[in-house]
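Take a look at the structure set out below.
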Number of protein chains: 2
Amino acid sequence: METWGRIAHRRWAKTSEAALDYGDPQGTPRLRRAIAGYLRTARGVDAAPEQVLVLSSAQQALDLVARVLLDPGDALWMEDPGYPGARGAFVASGARLVPIPVDEEGLDVAKGEQLAPKARLAYVTPSHQFPLGATMSLPRRLRLLEWAHRAKAWIVEDDYDSEFRYVDRPLAALQGLDTHGRVLYAGTFSKVLFPSLRLAYLVLPPSLVGAFRAARYFSDGQPPAASQAVVTAFIEEGHFERHIRRMRVLCAERQKALVTTCARHLAGLLHVAPADGGMNLVGWLPEGSDDRAAAEAAARNEVEVIPLSALSRRRTKRPGLFLGYSAFRPREIEEGALRLRDALLSLRRHATG
Amino acid sequence: METWGRIAHRRWAKTSEAALDYGDPQGTPRLRRAIAGYLRTARGVDAAPEQVLVLSSAQQALDLVARVLLDPGDALWMEDPGYPGARGAFVASGARLVPIPVDEEGLDVAKGEQLAPKARLAYVTPSHQFPLGATMSLPRRLRLLEWAHRAKAWIVEDDYDSEFRYVDRPLAALQGLDTHGRVLYAGTFSKVLFPSLRLAYLVLPPSLVGAFRAARYFSDGQPPAASQAVVTAFIEEGHFERHIRRMRVLCAERQKALVTTCARHLAGLLHVAPADGGMNLVGWLPEGSDDRAAAEAAARNEVEVIPLSALSRRRTKRPGLFLGYSAFRPREIEEGALRLRDALLSLRRHATG
């Protein structure tokens, strides 16, 4: 925050009159260059700055996708369980959302081809599936790209938390494997910097740039100059990379704290296995449990968790709770786990009592 | 800019962790309170902070209006000539845009009632009609409100440049006269502060708050915290009011410079009459002129003007050029006017030669 404030102040001290004007609806060329450079190195995304659209949030990226690419009645592959924000953006278009199951290799592409072979779009989170956490395997990635090419469908790759990977180098983005210009790659600064910044980006195939640029212009104009300038300097001066490295260590510790504390205090109540990355874990409840009742009991004890069934369209195989850990210090995580234990125990007493 | 930078720096030095989080999709309660207070005093807008939605731009306000209130085929009154940004936002909804003529009293409400009595919405710029500059008369305002009440139609009052009024106190906003909750009032900080800030607001009837809040959330989440905090302090500490007073004097001088310089140098080529307010004037060309050719000739001489016919759906009564003056110093205005004279003279030589 200190570095950020210093850059912001410096920027205002030497800002030009031109920087007060509306600016480019795609975002400043300099920030787009910084984003393209970062994504090339860190994520294997193959894109020129001209393909980058700077937006306020991944939500705005999904909303624009819905408005530009979807017509009422179009079929659309959605991961199930999956991200409700995407559902909220896509459902407004009148498209038909087809839930496709996910497993430990990510989206089940074969199932998608069977349920909706002519879908117009597939929405995926291949780095770290929301909410189950799987990394999409290479064979699945290639099959998904092959289908999109054949079906002339679009793939929206939502890479919202790719920076948080703890065990090894992440698999490169799907976008970098795409040789037919079918992938739209969405990323955000909300997770790796901070949410109230309101900056994100969408990397487009060259064929779509004109349409998205126009849609963006008529929906809200352009992004703010000041925050774009600060993020640009933050990236160019190396603060961004250092910050990511620090956050990665911090979040890995927090994940470990959650796994350890649950193993110690919640054995038999909630099983939490570690994951290769991300900011959340799924805690599995015993078979037959009611995960909505568990989440409500947790809320009464001031622990906010999401029942897995609320993120699913079909019946979930097993009840679970979606747990965020990245915003909490290890001591807070332990306190929360103890309150969650009390909540789950009270529920069990209630059931058997 | 100095004051702005100081507030921004101070804000980062004492910001809280909570201020880094997503925040309220309607905008911070404190900024909404500041906006409601300003609008009450300056514009006679009668609204609680709960009715204010902080957005990135007036364009976003119009886009949300189109998405929440318009269905394909709905009729919609548009001022003719009128603002092309509104056209761009509304046309995407599939609604039927009905051009309604404007005169020196603003939108011709009787004509609207005749052409599309059951329209779902009327878009108006009553303070200072874009682009002709008329202030809507009180009888027209009352008739428009009466029609909206009877027809259960919505009125969108775009008050984009109300701060710039030079001759007297402006007529209060239409919103303040509305006793049936039919008016949505849109305003922006782009004109009175600076465009790259990307903050604007929409004041809603209480019955519409829930729907707009949800639509906003699923289209782009919420506004950025930092710029909201700076604008809040700028208003609360009195800088905003002082800034408006200064800008009003400055823009009045600039308008006067444009009128004077055109009278001196462009007599017989372009007639520019003063207006009560605004940031633009219309320069009238001699009957029978081609205003598009005039604008092209001006562009070749590096003067950017908009031909009135490009802002009109039906044939305009008289050819004219839309001239912005607020961004230029008097000397720049005079230089521009001389270049415009040369452009118009070259055109005349060409026509008679």
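Quick test for you: out of B:E163, B:E157, pick the one residue that is touching a residue at least 40 places away in the same chain (Cβ under 8 Å) and either crowded, with 18+ Cβ neighbours inside 10 Å or closer than 22 Å to B:R67 by Cβ (or both).
Answer to the check: B:E163.
Any residue at all in the stretch B:49-70 that's open to solvent by 20 Å² or more (accessible area, probe 1.4 Å), without any contact (Cβ under 8 Å) to a residue 60 or more places away in the chain and farther than 30 Å from B:V98 by Cβ?
Yes.
Only one of B:R242, B:R248, B:R216 is surrounded by fewer than 19 Cβ atoms within 10 Å (Cβ to Cβ), basic (K, R) and touching a strand residue (DSSP E or B) at 6+ places or on another chain (Cβ under 9 Å). Can you tell me which? Step through it out loud before you land on a result.
Working: B:R242 fails: touching a strand residue (DSSP E or B) at 6+ places or on another chain (Cβ under 9 Å); B:R216 fails: surrounded by fewer than 19 Cβ atoms within 10 Å (Cβ to Cβ).
Only one candidate passes the filter, namely B:R248.
Which of the residues spanning the stretch A:106-128 are open to solvent by less than 10 Å² (accessible area, probe 1.4 Å) and not in a helix (DSSP H, G or I)? If you could, list the steps in order and put the result at the bottom.
In the first step, residues of the stretch A:106-128 are kept if they are open to solvent by less than 10 Å² (accessible area, probe 1.4 Å); the result is A:106-107, A:109, A:112, A:116, A:119, A:121-126.
Listed by number, the residues that qualify are A:G106, A:L107, A:A116, A:A119, A:L121, A:A122, A:Y123, A:V124, A:T125, A:P126.
Of all residues in the stretch A:77-94, count the ones that are within 14 Å of another protein chain (Cβ to nearest Cβ) and either open to solvent by 20 Å² or more (accessible area, probe 1.4 Å) or part of a loop (DSSP other than H, G, I, E, B) (or both).
Count: 7.
Would you point out the residue of the stretch A:1-26, among those that are outside any helix (DSSP H, G or I) and farther than 30 Å from A:A214 by Cβ, that is farthest from the other protein chains (Cβ to nearest Cβ)?
If we filter the stretch A:1-26 for residues that are outside any helix (DSSP H, G or I), which is where we start, we get A:1, A:14-17, A:21-26.
Now restrict to residues that are farther than 30 Å from A:A214 by Cβ: A:1, A:14.
Values: A:M1: 6, A:K14: 10 Å.
Among residues in the stretch A:1-26 that are outside any helix (DSSP H, G or I) and farther than 30 Å from A:A214 by Cβ, the one farthest from the other protein chains (Cβ to nearest Cβ) is A:K14.
Could you list, in sequence order, all residues of the stretch A:27-55 that are assigned to a loop (DSSP other than H, G, I, E, B) and within 14 Å of chain B (Cβ to nearest Cβ)?
Once the filter is applied, which keeps residues that are assigned to a loop (DSSP other than H, G, I, E, B) and within 14 Å of chain B (Cβ to nearest Cβ), the stretch A:27-55 yields A:G27, A:T28.
Quick one: in the stretch A:255-280, of everything that is open to solvent by less than 50 Å² (accessible area, probe 1.4 Å) and polar (S, T, N, Q), which residue is farthest from A:L308 (Cα to Cα)? It would help to see each step written out before you state the result.
Going through the stretch A:255-280, the residues open to solvent by less than 50 Å² (accessible area, probe 1.4 Å) turn out to be A:255, A:257-259, A:261-262, A:265-266, A:269-270, A:272-273, A:275, A:277-280.
Applying the additional criterion that residues be polar (S, T, N, Q) yields A:255, A:261, A:280.
Details: A:Q255: 19, A:T261: 21, A:N280: 12 Å.
Per the criteria, the residue is A:T261.
Which of the residues belonging to the stretch B:328-353 are in a loop (DSSP other than H, G, I, E, B) and free of Cβ contacts under 8 Å to residues at least 40 places away in the same chain? Break it down into steps so the answer makes sense when it comes.
Of all residues in the stretch B:328-353, those in a loop (DSSP other than H, G, I, E, B) come to B:328-329, B:353.
If the condition is that a residue be in a loop (DSSP other than H, G, I, E, B) and free of Cβ contacts under 8 Å to residues at least 40 places away in the same chain, then B:G353 is the only one that fits.
Pick from B:R292, B:R315: which is open to solvent by 20 Å² or more (accessible area, probe 1.4 Å), among the basic types (K, R) and in a loop (DSSP other than H, G, I, E, B)?
Of the residues listed, the single one that is open to solvent by 20 Å² or more (accessible area, probe 1.4 Å), among the basic types (K, R) and in a loop (DSSP other than H, G, I, E, B) is B:R315.
So, A:R67, is that one of a type in the set (K, R) and either away from chain B (no Cβ under 13 Å) or touching a Leu at 6+ places or on another chain (Cβ under 9 Å) (or both) or not?
The answer is no for A:R67.
Go through (1) touching a helix residue (DSSP H, G or I) at 6+ places or on another chain (Cβ under 7 Å); (2) surrounded by fewer than 23 Cβ atoms within 10 Å (Cβ to Cβ); (3) without any contact (Cβ under 8 Å) to a residue 60 or more places away in the chain for B:A151 and report which single condition fails.
Condition (1) is where B:A151 drops out.
Only one of these is among the acidic types (D, E), more than 9 Å from chain B (Cβ to nearest Cβ), over 18 Å from the mean Cα position of the chain (by Cα) and open to solvent by less than 70 Å² (accessible area, probe 1.4 Å): A:D103, A:D74. Name it.
None of the others qualify; the one that does is A:D74.
Output the residues belonging to the stretch B:129-168 that are of a type in the set (A, V, I, L, M, F, W, C) and in a helix (DSSP H, G or I).
If the condition is that a residue be of a type in the set (A, V, I, L, M, F, W, C) and in a helix (DSSP H, G or I), then B:L138, B:L142, B:L144, B:L145, B:W147, B:A148, B:A151 are the ones that fit.
Being touching a strand residue (DSSP E or B) at 6+ places or on another chain (Cβ under 6 Å) and under 15 Å from A:K111 (Cα atoms) is the filter; apply it to the stretch A:129-146 and report the residue that is least open to solvent (accessible area, probe 1.4 Å).
It comes out as A:M136.
Does the stretch B:266-289 hold any residues that are under 24 Å from the mean Cα position of the chain (by Cα) and assigned to a loop (DSSP other than H, G, I, E, B), and which are they?
Within the stretch B:266-289, B:A273, B:P274, B:A275, B:D276, B:G278, B:M279 meet the criteria.
Could you tell me which numbered condition A:L171 fails, if it satisfies all but one of (1) part of a helix (DSSP H, G or I); (2) more than 14 Å from chain B (Cβ to nearest Cβ); (3) open to solvent by 30 Å² or more (accessible area, probe 1.4 Å)?
If we test A:L171 against (1) part of a helix (DSSP H, G or I); (2) more than 14 Å from chain B (Cβ to nearest Cβ); (3) open to solvent by 30 Å² or more (accessible area, probe 1.4 Å), just (1) comes out false.
The values are calculated or read from the model by the stated rules, or taken from the named source; none is laboratory data. Predicted model, so just to flag it, every value in this text is computed and none were measured. A quick note on method: Cβ atoms are made from the backbone with ideal geometry, for glycine too, and the neighbour counts reach across all protein chains shown. Ligands, DNA and RNA are excluded from the accessible area calculation, which covers all protein heavy atoms including side chains. Shrake-Rupley method; radii C 1.70, N 1.55, O 1.52, S 1.80 Å.
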